[in-house]
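Read through the structure below, which is laid out as structure tokens, and then see the notes.
The values are calculated or read from the model by the stated rules, or taken from the named source; none is laboratory data. All of these numbers come straight from a predicted model, not from anything done at the bench. FYI the Cβ positions are ideal-geometry reconstructions off the backbone, even for glycines, and counts take in every protein chain you see.
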Amino acid sequence: MRILLGVTGCIAAYKACEILRELQRADADVRVVMTEAATRFVGAPTFAALSGHPVGLSLFDNATDPIPHIRLAEECDAFLIAPCTANVVAKLAGGIADDLLTSTALACTAPLMVAPAMNVHMYENAATQSNLATLRARGVQVLDPQSGRLACGEVGAGKLPEPSAIARAVLELAEPLAARALVGRHVLITSGPTVEPIDPVRFISNRSSGKMGAALAQAALDAGARVTVVSGPVSLLYPDGATVVSVETAREMLEQARRAASDADIIVGAAAVADHRPAVSAPQKLKKGTDDAELTAIPLVANPDVLRTLATDRRPGQIVVGFAAETDQVLAHAEMKLRYKHADMIVANEVGNGKAFGTDDDKAAFVTSAGIEELPLMPKAQLAQRIITKASDLLSETS
Ligand code: PMT
């Protein structure tokens with residue numbers, strides 16, 4: 001496997017040496033391209049010695065190869081830029097190609113992964129966040145930085161993740177499509193909240209952002225699957241390549257999910273479906289006045305259980321994965337849901353106190369009839385990869 005490692009001008013550039021080593025331990029052939037600023041932190045001879053290849057530094061420095069960015073772009077199975085500065089994130093988002101590294105990124109059709117590392121305020125700046133959102137929406141894999149004490153002395157998000165984690169992530173990304181586990185398979189994901197109208201202006205809903213569903217969609221696409229996302233209202237963009245069916249209510253979600261489930265191989269219920277809806281959705285805005293109060297009590301009726309219905313009606317061989325969002329006795333409730341929902345696996349996660357809903361990280365456990373596997377806190381992107389890998393293993397066991 002051939003990995004192109006891009007190194008940009010950041011104090012974490014020295015960690016790129018360790019990333020290179022980790023990749024080599026996995027038998028990857030690594031070539032390095034550096035920005036001019038990166039060479040201020042680590043010398044090119046270091047990367048040349050470690051990689052065993054000349055280091056790409058300039059569009060013009062090689063008399064035998066007048067178009068080095070095209071050659072580098074063509075001769076890799078994945079391009080990893082780690083660390084990636086705010087400046088290079090912005091250039092990539094804007095399509096700017098003013099040096100060898102950014103020109104190679106623009107010319108590269110292999111999967112691109114960036115690992116931003118910078119000062120916390122630079123990372124949180126709206127410009128950087130908007131640039132990262134643009135990259136994600138284009139299918140670039142963005143490895144979220146970790147929080148901690150930064151080189152500048154501030155504490156916050158901006159640290160490069162562990163080199164071993166970065167290496168693992170890019171190796172998975174670089175796997176040739178034909179070798180991916182879910183090529184030719186269809187994965188259906190429910191995602192986001194449902195919205196249950198009380199009247200034309202009010203509704204019952206919850207805090208789901210769709211981040212978990214979006215991460216699952218990306219992981220399934222990366223595994224080579226065709227992906228359908230049936231989503232309640234969210235403000236994020238699902239990855240390019242996924243078919244997105246937008247719904248509002250639980251009943252609409254059930255109808256659309258049923259349709260997509262007919263030829264799905266794996267169904268993942270990440271949506272936070274409202275368990276109840278107002279018995280009547282008033283056609284006019286209800287009054288709140290004391291004399292004519294219509295909002296003091298809202299009679300509710302139960303919504304259909306989307307996941308349980310899909311699991312009960314499943315085709316032979318179809319794998320059904322649900323979630324359990326619990327504030328307490330997480331594993332015990334998840335085991336009950338595994339049985340009640342007729343699922344093959346429940347991903348149990350604790351919610352409340354700022355956990356899981358709307359976050360970028362999640363701590364979960366896989367609950368199956370074979371037992372419980374507890375996972376550490378990790379980015380949702382990584383958790384999604386673990387869920388899709390597990391679901392794909394379960395699928396292979398049934399085929
Ligand atoms: O969207 P994010 O902000 O990233 O947050 C992610 C998440 C917290 C929403 C996600 O990790 C999660 O836990 N999703 C399930 C939320 C939920 O409704 O859990 P539950 O324990 O109430 O439901 C159990 C399972 O049944 C879930 O798979 C749910 O999709 C499904 N269900 C529940 C009720 C219902 N009427 N129909 C369903 O299909």
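Just a few scattered comments:
- In segment 202-216, the residues that are crowded, with 24+ Cβ neighbours inside 10 Å and away from the ligand (no atom under 12 Å from the Cβ): none
- Test for Ile198: is it under 30 Å from Arg251 (Cβ atoms) and crowded, with 21+ Cβ neighbours inside 10 Å: no
- Every condition in (1) outside any loop (DSSP other than H, G, I, E, B); (2) within 11 Å of Thr35 (Cβ to Cβ) holds for Leu92 except the one numbered (2).
- For segment 71-94, filtering for residues that are in contact with a Phe, Trp or Tyr (Cβ under 9 Å, 6 or more places away or on another chain) and closer than 20 Å to Tyr14 by Cβ leaves 1.
- Ser191 falls short on exactly one of the conditions (1) under 25 Å from Ala356 (Cα atoms); (2) modelled with pLDDT under 95, and that condition is (2).
- Of the criteria (1) within 26 Å of Gln141 (Cα to Cα); (2) over 16 Å from the mean Cα position of the chain (by Cα), which one Arg339 fails: (1)
- Scope segment 344-354; condition crowded, with 16+ Cβ neighbours inside 10 Å and more than 8 Å from the ligand (Cβ to nearest atom); matching residues: Asp344, Met345, Ala348, Glu350
- Segment 95-135, subset in a helix (DSSP H, G or I) and among the β-branched types (Val, Ile, Thr), residue surrounded by the most Cβ atoms within 10 Å (Cβ to Cβ): Thr104
- Residue in segment 316-336 that is under 16 Å from Ala270 (Cα atoms), in a loop (DSSP other than H, G, I, E, B) and not basic (Lys, Arg) present: no
- Val155 being in contact (Cβ under 8 Å) with a residue 12 or more places away in the chain and under 27 Å from Met1 (Cα atoms): no
- Qualifying residue in segment 358-380 (condition: out of contact with any strand residue (DSSP E or B) (no Cβ under 8 Å at 6 or more places or on another chain), under 25 Å from Ser164 (Cα atoms), away from the ligand (no atom under 13 Å from the Cβ) and in a helix (DSSP H, G or I)): no
- Residue that is surrounded by the most Cβ atoms within 10 Å (Cβ to Cβ) [pool: residues in segment 268-324 that are of a type in the set (D, E, K, R), more than 16 Å from the ligand (Cβ to nearest atom) and over 30 Å from Ser399 (Cβ atoms)]: Glu294
- Scope segment 25-41; condition surrounded by fewer than 20 Cβ atoms within 10 Å (Cβ to Cβ), under 27 Å from Ala151 (Cβ atoms) and either modelled with pLDDT of 95 or more or of a type in the set (Gly, Ala, Ser) (or both); matching residues: Glu36, Ala37, Thr39, Arg40, Phe41
- Here the condition is being away from the ligand (no atom under 16 Å from the Cβ), aliphatic (A, V, I, L, M) and in contact with a Pro (Cβ under 8 Å, 6 or more places away or on another chain); of Leu160, Leu182, Leu171, it holds for Leu160 alone.
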